[in-house]
Amino acid sequence: MSSEQSLLDALATINYPGFSRDIVSFGLVRSASFENGTANVKLAITTSDPQIPASLKKDAELVLGEVNGVETVQVEIAVTKPKSTPPPQGAPGATNQQSAALIKGVKKIIAVASGKGGVGKSTFSVNLACAFDHVINEKNGSSAVGIMDCDVYGPSIPLMMGVRGRPTIEEESLVPLENLGIKTMSMGLLVDADTPVIWRGPMVNKTIQQFAQNVNWGDLDILVVDLPPGTGDAQLSLAQNIPLDGAVIVTTPQEAAVSVTTRGAKMFEKVNIPILGVSENMSYFLNPANGEKEYLFGTGGGEKAAEELNTTLLGKIPLDAAIRQGGDAGIPIVKSTPSSETAQAFFKIARQILESLS
Ligand SMILES: Nc1ncnc2c1ncn2[C@@H]1O[C@H](COP(=O)(O)OP(=O)(O)OP(=O)(O)O)[C@@H](O)[C@H]1O
Ligand SMILES: [Mg+2]
């Protein structure tokens, strides 16, 4: 016997093109009814890609036609064009308009991402934020930069930025903590240090959504968002809920890291978020004894990832003990030693990103 539920069950077997998540759990089904042998389904999606509604319609007609008792299928898809142009935000059912309004005052937002964990993404994010601060200051005489830690599984940004204490709440918004001239907000600041952060998929979605929309950043030239590794719900939710201007992909020099990195990056392509470039971390060891570069992890990973993603290699960050020490001490190397080769590499990357965003 067909019922609304059996239609929904059938629709739940359809994944949104390019995602491992189905259209029902994405909340894209507006209505599903069944009467006199006719299944009537309405979907609502936000995309600028005409192939997506076409492909969803075809899939829906196919699976609904198989439901017991269904003779005719009517699928209607309401397509909304993404609001924020440029760049288009094509995430399914995206609420970019709402979040864009709530992150008002923030001129540019970029995400730092990698399909692989432990490549130094958070380290890269804090140093990049500090590099933006330096480069924008140099150019304009002042700068306002923020960093948002969306890694709800293992937040590390507060430690690396040397911020302590809990953010306060003013007028129902979280006020970021500030150190070294950078505004910092992290999930890590909202939970007890010893509370194990066990978030499940749907909770992560909701948390990030609320988190992203309830921080009072004030006026910012640029906000750097540190994503958790991988291509799971958290990243997708973020891509949907924050009006990202672009993403920087971090990888390591090993060839083996490339496929995981590019897989992670493909998610951004699917939601129309431009990839601003690839940065290689731990590229080489600068031997302090003789000043020679030693390629401990091999070479070519950054070049290969950039090529596969059809983007540029923004730069290479050395494996530098001072980077780790800076992270542990809560003063990123870009702030503590701006004259170092490592800091200079970050400035170069920051300049290129700012250029491609302007
Ligand atoms: N270029 C570098 N030179 C030396 N140490 C580095 C470098 N980059 C990162 N590290 C160190 O490697 C460790 C892992 O870095 P980090 O936490 O930034 O990685 P991550 O990719 O954010 O990890 P996760 O996937 O767990 O979020 C840290 O101890 C950090 O100090
Ligand atoms: Mg991290």
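A few notes on this one:
- Estimated vicinal HN-Hα couplings, Hz - the stretch 261-274 in sequence order (Karplus 6.51, -1.76, 1.60; Gly, Pro = x): 4, 5, 4, x, 6, 4, 4, 5, 4, 5, 9, 6, 9, x
- Sequence-ordered 3J(HN,Hα) estimates for the stretch 110-125 from the Karplus curve with 6.51, -1.76 and 1.60 and θ = phi - 60° stand at 10, 9, 10, 9, 7, x, 10, x, x, 8, x, 5, 5, 4, 4, 4 Hz, glycine and proline given as x.
- As a proxy for reagent exposure, ranking F346, F124 by other Cβ atoms within 10 Å from fewest up yields F124, F346.
- Paramagnetic label reach from A329 (point 7 Å along Cα→Cβ; backbone nitrogen cut-off under 13 Å): within the stretch 136-169, residues 162.
- Proxy reagent accessibility, fewest Cβ within 10 Å first, across D59, D151: D59, D151
- If the chain linking S173 and N140 were pulled fully straight, counting 0.36 nm for each residue of separation and taking away their Cα-Cα distance, it would gain 9.0 nm.
- 5 angstrom amide H check on T184, placed H, neighbours 5+ away: I147, L177, E178, N179
- Placing dummy labels 7 Å off each Cα toward the beta-carbon, the span from A78 to K58 is 2.6 nm.
- Least to most buried among Y284, Y295 (fewest other Cβ within 10 Å first): Y295, Y284
- Contour minus Cα-Cα distance for D9 and N310 (0.36 nm per residue): 104.5 nm
- Long-range HN-HN contacts of L220 with modeled amide H, under 5 Å: V106, K107
- Maximal additional length on extending the A321-S336 stretch stands at 4.1 nm, based on 0.36 nm per residue less the C-alpha distance.
- Under the combined filter of DSSP loop state and at most 16 neighbouring Cβ atoms within 10 Å, the stretch 264-358 retains these GluC sites (Glu not before Pro): E292.
- Over 32 Å (Cα to Cα) - which of K58/K121; K58/K107; K183/K266; K270/K348; K108/K335; K42/K266 fall in this group: K58/K121; K58/K107
- Label-point separation, S33 to R164 (7 Å along Cα→Cβ), nm: 6.2
Just so you know, all these numbers are worked out from the coordinates, no wet-lab data involved. Values in this document were obtained by computation on a predicted structure and should not be read as measured data. Neighbour counts run over all protein chains shown; Cβ positions are idealised from the backbone, glycine included.
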